[in-house]
Amino acid sequence: MKANRRTIIKLLSASGAASLFGFKALSGQAQCLTTDDILGPFYLPGAPEIAQFAPDGAPGTTTFITGTVYANDCETPVQNAKVDVWHANDGGGYEDEHYRGVVYTGDNGQYAFQTILPGKYLNGAQFRPRHFHYRVSALSSELTTQIYFEGDTSIPIDPWASSPDAAERIIPLSEGQQGSLHGVADIYLDVEPVINGQKSQGFSPKRPIIEHVIPNPMSTEGKVQVFLPEAVSASLLLYNLHGKAVKTIIQRQQMAGGRQQWSIPNENQHGLRLQPGIYIVQLQVDGRPADSKRLIVV
């Protein structure tokens, strides 16, 4: 039986986990749409289509962000939405070349990127809280906003982050393996839901992507379908939300270009059944993260 998103929210809410994993209990369209925020002076058009924004070896705390872009019915995923992200480096400065990138949502509306936790910088006499800038667009809608982090002491004195409109954009970060941070930032766009529609023009088939993780939620066994534009060395790993690898599905296998599919058994590397919860399926190409999708195990 297919479990819809509202059912999952109810299950997580009953266990007190809904807010931890970034889900919002919603009762109406006006209450779910993500609010906007200032663009700021450091946006640059034409950011590269990459899933790792910070350069290798950059100072700072490694941070993984995943999320889903939803339509204005608050539950239908938006395929091929363009998610343009930029942020300050560890010292609070903005660089033209790094710390920015564009990712696209897959068929399930999900996106993911890896970078470092942005640094703070002075805005007049006060420090701005750490934040990611977002420009999210799909069909005829575009949203400019910012994502902040729970526990940041600069939020109460910041005129934008302290606004009641920003409350749903302040997300928790959990600490994972080797001190990495993980967060979930869902975006609700003011676009009409499209069911079984054609892919939008924003889709980029020239990059390796995870096309499907099915079924999702998964009970006994799932399948992952990926698209590789060319022959590569591919790895597919399963992480928990703390950043710990719990299962290696494939490890550095040479794969031909095209569509590939693998099974995900409901077990960890020790052969034990996975605990119910949210996991991250990560595709790596030539040893670097290429795409990630969330998987719910029930």
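The values are calculated or read from the model by the stated rules, or taken from the named source; none is laboratory data. Just so it is clear, the structure is predicted and the values come from calculations on it, not from any experiment. In this analysis, Cβ positions are derived from the backbone assuming ideal geometry, glycine residues included, and neighbour counts consider all displayed protein chains.
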* Asked: Which condition number in (1) of a type in the set (A, V, I, L, M); (2) loosely packed, with under 13 Cβ neighbours inside 10 Å; (3) at pLDDT 95 or above is the one that Ala161 fails?
  -> (2)
* Complete set of residues in segment 246-271 that are at pLDDT 90 or above and farther than 19 Å from Lys223 by Cβ -> Arg252, Gln254, Gly257
* Structure fact -> Within segment 220-236, restricting to residues that are in a strand (DSSP E or B) and among the hydroxyl-bearing types (Ser, Thr, Tyr), the one that is surrounded by the most Cβ atoms within 10 Å (Cβ to Cβ) is Ser235
* Asked: Among the listed residues Gln225, Gln284, Gln261, Gln275, which satisfies the condition of being touching a Ser or Thr at 6+ places or on another chain (Cβ under 9 Å) and touching a residue at least 12 places away in the same chain (Cβ under 8 Å)?
  -> Gln284
* Structure fact -> Subset of segment 105-123, residues β-branched (Val, Ile, Thr) and part of a loop (DSSP other than H, G, I, E, B), comes to Thr105
* Go through segment 259-290 and count every residue that is in contact with a Lys or Arg (Cβ under 7 Å, 6 or more places away or on another chain), not acidic (Asp, Glu) and not in a strand (DSSP E or B). => 3
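Is there a residue in segment 166-187 that is over 19 Å from Thr115 (Cβ atoms), surrounded by fewer than 19 Cβ atoms within 10 Å (Cβ to Cβ) and within 17 Å of the chain's Cα centre (by Cα)?
Initially, segment 166-187 is screened for residues over 19 Å from Thr115 (Cβ atoms), giving 166-168.
Those still in the list that are surrounded by fewer than 19 Cβ atoms within 10 Å (Cβ to Cβ) too: 167-168.
This time we only want the ones that are within 17 Å of the chain's Cα centre (by Cα), so: 168.
Yes, segment 166-187 has at least one match.
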* Asked: Would a scan of segment 198-219 turn up a residue that is farther than 23 Å from Asn108 by Cα, at pLDDT 85 or above and assigned to a loop (DSSP other than H, G, I, E, B)?
  -> no
* Among the residues of segment 152-160, is any in contact with a strand residue (DSSP E or B) (Cβ under 7 Å, 6 or more places away or on another chain) and within 24 Å of Ile278 (Cβ to Cβ)? -> no
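Just the residues that are touching a residue at least 40 places away in the same chain (Cβ under 8 Å) and either in a loop (DSSP other than H, G, I, E, B) or under 17 Å from the mean Cα position of the chain (by Cα) (or both), please, taken from segment 237-258.
Matches in segment 237-258: Leu237, Leu238, Tyr239, Asn240, Leu241, His242, Gly243, Lys244.
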